Every structure is written in structure tokens, then in C-alpha cells.
1. Take the conditions under 14 Å from the mean Cα position of the chain (by Cα) and modelled with pLDDT of 95 or more and apply them to Thr122. Does it pass?
2. Among the residues of region 6-19, are any at pLDDT 60 or above, part of a loop (DSSP other than H, G, I, E, B) and touching a Gly at 6+ places or on another chain (Cβ under 6 Å)?
3. Between residues in region 75-90 that are over 16 Å from Asn51 (Cβ atoms) and residues that are surrounded by 10 or more Cβ atoms within 10 Å (Cβ to Cβ) and of a type in the set (Lys, Arg), which pairs lie under 8 Å by C-beta distance while being six or more apart or on different chains?
4. Tally time: how many residues in region 49-82 are part of a loop (DSSP other than H, G, I, E, B) and in contact with a Phe, Trp or Tyr (Cβ under 8 Å, 6 or more places away or on another chain)?
5. Can you go through Thr101, Thr122, Thr112 and tell me which one is of a type in the set (S, T, N, Q) and within 13 Å of Leu50 (Cβ to Cβ)?
6. Applying the selection to region 202-246, what residues are touching a residue at least 40 places away in the same chain (Cβ under 8 Å), among the hydroxyl-bearing types (Ser, Thr, Tyr) and buried (at least 16 other Cβ atoms within 10 Å of the Cβ)?
7. Can you tell me which residues in region 156-183 are outside any loop (DSSP other than H, G, I, E, B) and either among the aromatic types (Phe, Trp, Tyr) or without any contact (Cβ under 8 Å) to a residue 24 or more places away in the chain (or both)?
8. Restricting attention to region 236-265, and to residues there that are in contact with a Leu (Cβ under 8 Å, 6 or more places away or on another chain) and assigned to a strand (DSSP E or B), which single residue is farthest from Asp172 (Cα to Cα)?
Amino acid sequence: AGQSFFASAATDGTVQFNNGMREGGPENGQFFKPGKTGKETATDTHRIWLNLTNDKGAFKQMLVGYVDGATNGFDKNYDGATFDGNIYVDFYSVNNQDKFTIQGRSLPFADTDVVPLGYRTTIAGDFTISIDQADGDLASQAVYIEDKTTGVIHDLKAGKFTFTTAAGNFNDRLVLRYTNKTLGTGDFEDTENGILVSVKNKVIKVNSARQTIKEVTIFDVSGKLLYNKKKAGTTELQIPNLQAANQVLLVKVTLDNNYTTAKKIIFQ
């Protein structure tokens, strides 16, 4: 076919290529010279491509694929790190703090799997995440985006997900998932029911009945950070004198067992 390609090496040395590395395939019809159809080995693959866009033309695509040979760790033959070459926006999955435009994950596919997503933007405003294509089991599997800032779990198969963001880097806001229920054991569900967020006379109170509060973060609906308290170390936290106008706020609570939930309040 005469295709060009790049190669990168983990160590110094000599690179040798030979015909034993050649892989044929039936999808070589874009070239004008006819040839024999190569043999192609069937691979168990389930992939989904997601696009991040805005109405000004910003665009970035990423891929998550469940494939034979991949693991949920780093695999040099399956995982592709983001080059972050777009000056306006980047979109990727996150695995052990690494950012991947392409991430291979292990088989068998299970709908309990969750994949953290991250993005970087120099533009504040509305962005949209949509499915470009999906194959294998993911063509028929339900697919959701969880927005931990707003507490929304959106069905991507039903339509695009639009959210508002400030400019910056966000690696812990979005999650790709395949069920619309918060993951965890029954104890986590009880823990969530034991969290109470209330506001009175512009004093926000966070109570946890069963676990110590680790961190509390407050955003406005545009995603702007208004308050952050790390290492709270208490089951009751009061937040007076928050500098915010009368509006809907999102209170993100993380417990010592790392369970996280987001609650909406009307601050007035």
C-alpha cells in the first residue's frame, strides 16, 4: 500500500522491519493498484468514539476500546497518550493520572466498568459530548456520562450531553459509565442517604451520619469553584459567609472512604 508511519523507541538500538510484520486486510480498496485480499484475524473488540465539541468549532475525539490482549493498566500496544496539540481544547480518558486519546481495556467487557474522562479548555462556555460511533457490544450497550459537578447522569444513546465549564484543566469531573445507577455497595447507598446538605441564612451545613467528611467543594452552575475545604475531618461542617449571590449551587462531598456525591442547594 505504501503507507507511511511513525515509530518511537523505548530504548536506543537498531530497528528492523521485515515482511513477517506485514498485516493484510480487505479494507485496502482506496488504493488504485489491485491486489490480493489479505488474511485478517478476527479480534474480539468493543469500541466507542466520543467527540467533544462546541458551537465555535472546537473539536477533539477520544476512544475507549475493550480488546483482546489489553489490560486496565498501561499497554504500549493499545494505549495512546494525548499529544495535547490543539491550542483550544483537549479531551481524553484518565488512567492512573495518565491521559489517553486511545485507551485499551481488558475483556470480558462488564457494564460495571467506569472510565474517568478529562478535558482541558482555554474557552469558557458550553461544550457537548456525543457518540461518534460504537462497535461490538458497545453498539447496543447503554452508555452514560456522569457529571460529578452537577450530579447528572446522562444517557448518551438518547442524545448529546451539554455542560457548562470554566477555562482550565478538569480531570475529576466526568465519568464514562454503562449503568445509570451510582456504583458501590449497599453501604455506599446508605452512606449517600446519610449525607445532608442544607442552607439557612446563607450558612451552608454539611452533615454525614456514617462517615467522616474528607472534602467539600462548592461550584456554581457554570462550574466555577467557589469554595474548597480539604481534610475536613468531621461529620458536620458549617460554611458561613460564602461570597455568592442568590443562586443554585452544587455541593460536592467526599467522605473518608472516598465516596463522592453532589447535592444541589438554593443559596439565599
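The values are calculated or read from the model by the stated rules, or taken from the named source; none is laboratory data. Computed from a prediction, not measured in an experiment: that's the story for all the values here. Glycine gets a Cβ as well: all are built from the backbone with ideal geometry, and neighbour counts include every protein chain shown.
1. Judged against the criteria, Thr122 is not a match.
2. No, that holds for no residue.
3. That search, which allows pairs on different chains as well, returns Ala81/Lys99; Asp84/Lys99; Asp84/Arg120.
4. So the answer is 6.
5. Thr101
6. The one that is touching a residue at least 40 places away in the same chain (Cβ under 8 Å), among the hydroxyl-bearing types (Ser, Thr, Tyr) and buried (at least 16 other Cβ atoms within 10 Å of the Cβ): Ser208.
7. Scanning region 156-183 gives Phe161, Phe163, Phe170.
8. Ile265
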